Structure formats: structure tokens, C-alpha cells
Amino acid sequence: MMAEGVPAGPIQLAGSETLARAYALAFTAQGLAFTRHADDIVARGLARIAETIAWS
């Protein structure tokens, strides 16, 4: 089932609680480690990127 092999570290989960829970169940069933991040981590990351861009 894992044609590409096992990841070197935990899989990073971000997004809605419902979607992350579904992925977490699937990863657990496959014996894969994962780290669940806050729902807004992507938005916070994009905001940080936007702060560094010189807007004209």
C-alpha cells in the first residue's frame, strides 16, 4: 500500500478538524506518525509571508 515508502518523520497535518481527523485515522491505520497543527497555521504562515513582500 505504501508504494513510495515510509516518510522520514511525522506527517504534518493542517486544516479543518473534520479533514484532519479523517487523515489522522487513515495514518494511524497505516502505522504512520503525524503532527496535528492549529487550524489557522496556514493563514498565519501566509500572513507572515505577506509581511515580507514589498507591496507597491
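Condition check for Met2 on (1) at pLDDT 90 or above; (2) not in a helix (DSSP H, G or I): one failure, at (1). In segment 5-32, the residue that is surrounded by the most Cβ atoms within 10 Å (Cβ to Cβ) out of those that are assigned to a loop (DSSP other than H, G, I, E, B) and among the hydrophobic types (A, V, I, L, M, F, W, C) is Ala14. Annotation note: Cβ proximity below 8 Å between a residue of segment 41-56 that is without any contact (Cβ under 8 Å) to a residue 40 or more places away in the chain and a residue that is among the hydrophobic types (A, V, I, L, M, F, W, C) and surrounded by 10 or more Cβ atoms within 10 Å (Cβ to Cβ) (sequence gap 6+ or interchain) occurs for Ile41/Ala14; Val42/Ala14. With respect to the conditions (1) surrounded by fewer than 11 Cβ atoms within 10 Å (Cβ to Cβ); (2) within 11 Å of the chain's Cα centre (by Cα), Glu51 falls short on a single one, namely (2).
The values are calculated or read from the model by the stated rules, or taken from the named source; none is laboratory data. What you see is a predicted model; the values in this text were computed from it and never measured. Note that we place each Cβ from the backbone using ideal geometry, even for glycine, and neighbour counts take in every protein chain shown.
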